[in-house]
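The values are calculated or read from the model by the stated rules, or taken from the named source; none is laboratory data. Everything quoted here is computed from the prediction, not taken from an experiment. Neighbour counts are summed over all protein chains in view; Cβ atoms, including those assigned to glycine, are modelled from backbone coordinates with ideal geometry. Surface accessibility is based on the protein's heavy atoms, side chains included, excluding ligands, DNA and RNA. Shrake-Rupley method; radii C 1.70, N 1.55, O 1.52, S 1.80 Å.
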Amino acid sequence: MRIALVSDAWHPQVNGVVRTLARVREELEGAGHEIEVISPDRFRSVPCPTYPEIRLALFPGRGVARILDATEPQAIHIATEGPLGIAARRYCLKRKLGFTSSFHTRFPEYLQARTGFPTRLAYDWMRRFHAPSAGCLVATDSMRKELSLRGFVNLKPWSRGVDSELFRPREDKLLDQPEPIFLYVGRVAVEKNIGAFLDLDLPGSKVVVGDGPQLDELRRRYPEVVFTGAKFGEELARHFASAQVFVFPSRTDTFGLVVLEALSAGVPVAAYPVPGPLDIVGNAGVGVLHEDLALAARQALHIPRERCREHALKFSWPRCAQQFLDNLSILAPRGAGVASSIAA
């Protein structure tokens, strides 16, 4: 079937949203579906304030309409609430077309952390944005419950996957630092709460892998911490496998793909008991969730690595793509036949 995927987040951005959408697209195309990605690189754009690596499409309404008219998709999925998402939503409402959407990012908390903008007002806007959607796809059950309490409707499950061949336990260690090594991987930005990790009194070494607007500031504040910058592919996977504990200090992520990648590499997780870690780690015995993050990190040292790997193997990208496809069935009859199978 022909699927239009509308997203303000796309390459060359490096984040969990882009990785999820790109991998699902790959799985769907491998199963014979046609995916038309409508992304900022197809439009004139400007840098997002405080996040110059994120480009925002300028006045994309007519361009989005032209692409959708030419494509004639059987299903339209709006992945983000930015300029492209707004334009696609307007297109669908004007033509009385059904669409699905997804809630990937806690923008209200991000806005508050950066500007002080009230989260209540931002959530009011986001709730109105997703209200006409036939299904708003959410990564975790705890996030679904939270959004439901905020008045969001038509919430549907859409979990995530991990590349278990790339992210695997390895004998060759890449990090030559005093052990135990406590690792963070991800965007280096204020909303990730990385300072809560770096302030912890822990033995061994702390390593931060990633890039972002807070990198220079944190390097100055924590000269004893190893900041590697962004890593990709095999090099990234070897960084994961070199750690003894993966520390995830974020309180605002809706899932946390890096948590799955750490577990797949056989590395136990220390995190706060918040959406994302609660759903991935839960009571599986592959991590420690506690408001005392230092306590969680120290206790996680005793978790068997093979248990972490076994748990991560329950998540796969084919299953993620199949769940996405199944959710499109609510758009029938325009999406008739969307629930064809993807091999796990």
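Figures for the structure shown
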{"read-out": "Subset of the range 309-331 that is of a type outside the set (Phe, Trp, Tyr) and either in contact with a strand residue (DSSP E or B) (Cβ under 8 Å, 6 or more places away or on another chain) or not in a helix (DSSP H, G or I) (or both) - its residue that is surrounded by the most Cβ atoms within 10 Å (Cβ to Cβ)", "value": "Leu328"}
{"read-out": "Every residue from the range 128-169 that is open to solvent by less than 20 Å² (accessible area, probe 1.4 Å), under 18 Å from the mean Cα position of the chain (by Cα) and either of a type in the set (Ser, Thr, Tyr) or over 15 Å from His104 (Cα atoms) (or both)", "value": "Thr140, Val162, Phe167"}
{"read-out": "Subset tally (residues that are in contact (Cβ under 8 Å) with a residue 60 or more places away in the chain, surrounded by 16 or more Cβ atoms within 10 Å (Cβ to Cβ) and touching a Ser or Thr at 6+ places or on another chain (Cβ under 9 Å)) for the range 209-236", "value": "0"}
{"read-out": "Some residue of the range 157-174 being among the aromatic types (Phe, Trp, Tyr), assigned to a strand (DSSP E or B) and touching a helix residue (DSSP H, G or I) at 6+ places or on another chain (Cβ under 8 Å)", "value": "no"}
{"read-out": "Single residue of Val247, Val258, Val267, Val188 found to be in a loop (DSSP other than H, G, I, E, B) and either touching a residue at least 60 places away in the same chain (Cβ under 8 Å) or among the hydroxyl-bearing types (Ser, Thr, Tyr) (or both)", "value": "Val267"}
{"read-out": "Qualifying residue in the range 113-133 (condition: aliphatic (A, V, I, L, M) and closer than 30 Å to Ala243 by Cβ)", "value": "yes"}
{"read-out": "Residues within the range 111-137 that are part of a helix (DSSP H, G or I) and closer than 16 Å to Arg150 by Cβ, tallied", "value": "14"}
{"read-out": "The listed residue being β-branched (Val, Ile, Thr) and modelled with pLDDT under 95, out of Val225, Val190", "value": "Val190"}
{"read-out": "Verdict on Phe197 being surrounded by 15 or more Cβ atoms within 10 Å (Cβ to Cβ) and not in a loop (DSSP other than H, G, I, E, B)", "value": "yes"}
{"read-out": "Only one of Leu111, Leu68, Leu93 that is among the hydrophobic types (A, V, I, L, M, F, W, C), buried (at least 20 other Cβ atoms within 10 Å of the Cβ) and either modelled with pLDDT of 95 or more or touching a helix residue (DSSP H, G or I) at 6+ places or on another chain (Cβ under 8 Å) (or both)", "value": "Leu68"}
{"read-out": "Subset of the range 25-65 (residues that are of a type in the set (A, V, I, L, M, F, W, C), more than 30 Å from Pro318 (Cα to Cα) and open to solvent by less than 30 Å² (accessible area, probe 1.4 Å))", "value": "Ala57, Ala65"}
{"read-out": "Members of the range 260-292 found to be open to solvent by 20 Å² or more (accessible area, probe 1.4 Å) and hydrophobic (A, V, I, L, M, F, W, C), listed by number", "value": "Leu278, Ala284, Val288, Leu289"}
